[in-house]
Amino acid sequence: MTLAASDIRAYHAHVYFDANTLNQATKLCEQARDHLAVAMGRVHQKPVGPHPEWSCQLSFSAEQIGNVLPWLMLNRNGLTVFIHPVTGSDLDDHTKYIMWLGDSKPLNTTQFL
């Protein structure tokens, strides 16, 4: 089955951090929320869902990817950011259609099977 860009409903960007970079990540996510009008989720100080590290989710429309992606590239300051589309297939969205800014991390996608 071939998909088109119109099959992407939205995007999620998960900013990864640890105790040493908690303040940096929180500030980055708050700036993204305030400057890019993206939705900022909770700042999780534990692994949540498939994510192997502490994270904060930024949610935004498919149309915003052209603004959000370059902004994250230029402002992540060494933080790892996992980006995936929302197409309706959680497994594919977290395995096939992914993008990493920084080092990739192994996700636990068993919950999607």
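Being open to solvent by 70 Å² or more (accessible area, probe 1.4 Å) and either in contact (Cβ under 8 Å) with a residue 24 or more places away in the chain or not basic (Lys, Arg) (or both) narrows it down to one residue among Asp93, Asp103; which is it?
Asp103
Which one of Ser89, Ser55 is polar (S, T, N, Q) and touching a Gly at 6+ places or on another chain (Cβ under 9 Å)?
Ser55
The values are calculated or read from the model by the stated rules, or taken from the named source; none is laboratory data. The structure displayed is predicted, hence computed values, not measured ones. All Cβ positions, even for glycine, are placed from backbone atoms using ideal geometry, and neighbour counts span all protein chains on display. Accessible surface is based on the protein model in full, side chains and every heavy atom, while ligands, DNA and RNA are left aside. Shrake-Rupley method; radii C 1.70, N 1.55, O 1.52, S 1.80 Å.
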